[in-house]
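Accompanying notes for the structure given below.
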Amino acid sequence: MPPLRCIRLAGALFAMFSAVVLPTAGAQNTPIVDVHFHHLGSRTDSSLTEMAKMGITSVVLIGLPAQLATTADRSDLRILRSLTLPCFGGRMPNSGMACYPGGGDWPSRDSIRAMVRTDRLHLLGEINAQYGGMRLDDPAMEPYFAIAEELDLPIGVHLGIGPPGIAYSDIPGPPQKSSAYSGQAGDPLALDGVLRKHPKLRLYVMHAAWPMRDAMLYMLYMHPRMMVDVSVLQYAIPRAAYVDYLRDLVQAGFAKRIMFGSDGSAARVREGIDAIRAMDFLSADQQADILGGNAQRFLRLGVPR
Ligand SMILES: [Zn+2]
């Protein structure tokens, strides 16, 4: 490569790995932020109480409008409400109630605006397109990326694995079967064009798209604002596979781009925190970053809403 280009590349790399990053505290003092916690029905409040006792200071609570609206703010931890979409079939599996006001599989953009205006919505996600076999560059997703960029809402997208056997009605396991779930729809490269079209999007890839390692590394390298969470990996795959994956992300230079998430009950939260603390290839600062510092920065939690 010609020297000038080489210098430009070096400058861009320096910016990617250092300039966009703020200093963070050591492991002891860091807040712990769970960026991936689904509403658990009647168990939600007691789970949040347990999580606060574990040192969680902020939680991204993922749910449908009725679930988000009925969860009260708390004094022991900060709740950031995140609207999940789409809802294939339009009805909540347990109650049969409509997922969104007015029915349908997708929330209206007016309803999103209204929730944001009244400080009842802070993120979009989990984006469940893969569960319906829909890639993230599907035209149906475009209005939601556009409104997330316009309203400066962080957006979390599911990519990678779902429950094993989800596509097969004769294999016991997931209670809800979906023959539509597909690996093709879970390709992180589908975000390449989305992020170019919406350069200000504050997007994180949930589960770090495990096991789509190469595509994930490529996307993190090429899109310096993109983040990932490591939810589900602490319990869905063998611990050695999780450690191996996280080490690859860190060795590739992305320790400031990884956020803690649980995707489970309070017990899963505990398991997730312990898993990261047990990873001795991470420095104390890197553990602090992953457990909370990176999310504090990405979600701008130091700044009053
Ligand atoms: Zn997910």
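The values are calculated or read from the model by the stated rules, or taken from the named source; none is laboratory data. Predicted model, so just to flag it, every value in this text is computed and none were measured. With ideal geometry, Cβ positions are generated from the backbone for all residues, glycine too; neighbour counts draw on all protein chains shown. Ligands, DNA and RNA are stripped out before the accessible areas are found, and what is left, the full protein with its side chains, is counted by its heavy atoms. Shrake-Rupley method; radii C 1.70, N 1.55, O 1.52, S 1.80 Å.
Values for this structure:
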quantity: Count of the range 147-164 residues which are touching a residue at least 12 places away in the same chain (Cβ under 8 Å) and over 15 Å from the mean Cα position of the chain (by Cα); calculated: 4
quantity: The range 63-99 - residue that is farther than 30 Å from ALA52 by Cβ and under 21 Å from the mean Cα position of the chain (by Cα) and, of those, modelled with the highest pLDDT; calculated: PRO86
quantity: Residues within the range 189-248 that are farther than 23 Å from ASP137 by Cβ, of a type in the set (Gly, Ala, Ser) and more than 16 Å from the ligand (Cβ to nearest atom), tallied; calculated: 2
quantity: Neighbours by Cβ (under 9 Å, 6+ apart or cross-chain): first from the range 261-274, over 13 Å from ALA52 (Cα atoms) and of a type in the set (Lys, Arg); second in a helix (DSSP H, G or I) and within 15 Å of the ligand (Cβ to nearest atom); calculated: ARG268/GLN234; ARG268/TYR235
quantity: Filter result (at pLDDT 95 or above, within 14 Å of the ligand (Cβ to nearest atom) and open to solvent by 20 Å² or more (accessible area, probe 1.4 Å)) within the range 135-174; calculated: none
quantity: Yes/no for THR49 being assigned to a helix (DSSP H, G or I), away from the ligand (no atom under 16 Å from the Cβ), open to solvent by less than 10 Å² (accessible area, probe 1.4 Å) and among the β-branched types (Val, Ile, Thr); calculated: no
quantity: Selection within the range 52-105 - aromatic (Phe, Trp, Tyr) and open to solvent by less than 20 Å² (accessible area, probe 1.4 Å); calculated: TYR100
quantity: Wholly within the range 55-128, strands (runs of 3 or more DSSP E) carrying at least 1 residues that are among the polar types (S, T, N, Q); calculated: 56-63, 78-85
quantity: Sole exception among (1) crowded, with 20+ Cβ neighbours inside 10 Å; (2) without any contact (Cβ under 8 Å) to a residue 24 or more places away in the chain for ASP280, by number; calculated: (1)
quantity: First in the range 121-146 and of a type in the set (Phe, Trp, Tyr), second anywhere and within 11 Å of the ligand (Cβ to nearest atom) and open to solvent by less than 30 Å² (accessible area, probe 1.4 Å), Cβ under 7 Å, 6 or more apart; calculated: TYR131/GLY162
quantity: Check on ALA252, farther than 26 Å from THR57 by Cβ and touching a helix residue (DSSP H, G or I) at 6+ places or on another chain (Cβ under 8 Å); calculated: yes
